[in-house]
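The values are calculated or read from the model by the stated rules, or taken from the named source; none is laboratory data. In this text the structure is predicted, and so the values were computed from the model without any measurement. Here the Cβ positions follow ideal geometry from the backbone for every residue, glycine too, while neighbour counts run over all protein chains shown.
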Amino acid sequence: MQANPHIVKRGMLLRSMLAVFLVTMLGCLPAADPPFAWYVLSPTPNAFYPQGDSSSSISTWEQIKVFPTFEGCQDSLKELQNRINREVGCFPSNDPRLKNLKPVSLPEPSPAPSAGAPAPAPKGS
């Protein structure tokens, strides 16, 4: 027995309309807020893991430093890892896994030199 072509067409039309509706509604969802800061985090050391347990939840990791940009955060990783001798990583402030992390304020920008102040002397060569 063959299916009625009108019923098949109606089913295809309903599926197409549903797909268009879903795509349209998904496009109306607000985009995620961009992070306002980037955290350098490291697994917190303990008696069993002196360098920290990298398999632990990042919500328990220690906050090492805060940067306003991803690039600044990434550029600091190698130096920070060598200094503290532990794994480090950059995480956006809006990462849902960090919802219990206490926010640390960003470092204050260095003040611009005033017009009457002498310019800093260049470092010797």
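If the condition is being touching an Asp or Glu at 6+ places or on another chain (Cβ under 9 Å) and either more than 19 Å from Pro45 (Cα to Cα) or modelled with pLDDT under 75 (or both), then region 78-100 contributes only Asn94. From the list Phe36, Phe70, the one residue that fits, being aromatic (Phe, Trp, Tyr) and at pLDDT below 90, is Phe36. Sub-9 Å Cβ pairs linking a first residue in region 66-82 that is over 15 Å from Pro35 (Cα atoms) to a second residue that is among the acidic types (Asp, Glu), at least 6 apart or interchain, are Gln81/Glu87, ordered by first then second residue.
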